[in-house]
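The values are calculated or read from the model by the stated rules, or taken from the named source; none is laboratory data. All figures in this text were calculated on a predicted structure; none of them were measured in a lab. Glycine also receives a Cβ, built like all others from the backbone with ideal geometry; neighbour counts cover every protein chain displayed. Accessible surface is based on the protein model in full, side chains and every heavy atom, while ligands, DNA and RNA are left aside. Shrake-Rupley method; radii C 1.70, N 1.55, O 1.52, S 1.80 Å.
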Amino acid sequence: MKKTITIQDMVLTALGMALVFVATMYIKVPNALDGYFNLGDGFILLFASFLSPGLSFLAGGLGSALADVAGGYAYYFLPTLLIKGLESVAVSWLIEKYGSRARIPAYLLGSVIMVTGYFFAKWYLKGSAVVAAAGIPENLLQTGVGVVIAVVAYPLIQRGFAKSRAQKTV
């Protein structure tokens, strides 16, 4: 089934990519383990709630991966693209399939994908499961804050969409 991508889809994807990039790149706290805590996951989850799985991959995966490159972590580009992209796709697909009532379980699954994905990526990149495991608490905190951001922001965005649709019909 081929879906037509609307201008609104393109604008939301670009906005999502930009907000994920900014929240990842500029709202961050570096840590001692060659990484950083950021708020990008909140925007990944939020935009995955509205975009199709493919467009969510671009907003979440590419937005985060480009922030890694710009922030001096270019060696994380591919792992981040895949991990955040998969996180976005899983959340978007579940919400698309089961509706907005699946948001919280979808966000939790996305969080598991992110934490697990970075554990294995860091294990591979650093060569140590112990070093990789040391990043798990920070990733849990990051994704927990991300879930809160998405849960709080979703109804506000949903109302904005409803107002926009109502104005178009007038």
### Message
Apply the a/c threshold of 1.5 to the C-alpha gyration tensor of the stretch 45-139 and tell me whether it is rounded, prolate or oblate.
### Response
oblate
### Task
Would you be so kind as to identify which of 113, 136, 150 lies farthest towards the positive end of the dipole of the stretch 67-168, taking Lys and Arg as +1 and Asp and Glu as -1 on Cβ and the Cα centre as origin?
150
### Message
Cross-link candidates for residue 3: which lysines have Cα within less than 27 Å, leaving aside residues fewer than 8 places away along the same chain?
### Response
84, 97, 163, 168
### Task
Mind giving me the nanometre distance, one decimal, between the label points for residue 8 and residue 101, set 7 Å out from Cα along Cα→Cβ?
2.4
### Å² per residue, accessible surface of the chain at 1.4 Å
53
#### Entry: Packing-based ranking, highest mean first, of 41-51, 93-103 given that Cβ atoms within 10 Å are counted
41-51, 93-103
### Summary
The computed P(r) of the stretch 103-170 puts the percent of Cα pairs beyond 17 Å at 55
## Note on the structure
Along the stretch 109-116, Karplus-curve 3J(HN,Hα) (6.51, -1.76, 1.60; θ = phi - 60°) to the nearest Hz, with x for Gly and Pro, reads 5, x, 5, 4, 4, 5, 5, 5
### Query
What ranking, highest mean first, results for peptides 63-70, 133-140, 108-115 when packing means the other Cβ atoms within 10 Å averaged over each residue?
63-70, 108-115, 133-140
### Query
Hey, got the Cα dimensions of the chain along the principal axes, in Å, largest first?
59, 32, 29
### Query
With the calculation restricted to Cα positions, what are the radius of gyration and Dmax of the stretch 70-123 in angstrom?
12.7, 39
### log10 of Debye I(q)/I(0), alpha-carbon scatterers only, for the stretch 1-68 at 0.13, 0.15, 0.24, 0.26 Å⁻¹
-0.36, -0.46, -0.93, -1.04
### Query
Using θ = phi - 60° and the Karplus form 6.51 cos²θ - 1.76 cosθ + 1.60, what ³J(HN,Hα) does each residue of the stretch 60-73 get, whole Hz, x for Gly and Pro?
x, x, 6, x, 5, 5, 5, 5, 4, 5, 5, x, x, 10
### Message
Using square roots of five times the C-alpha gyration tensor eigenvalues, list the equivalent-ellipsoid semi-axes of the stretch 34-99 in whole Å, biggest first.
### Response
23, 10, 8
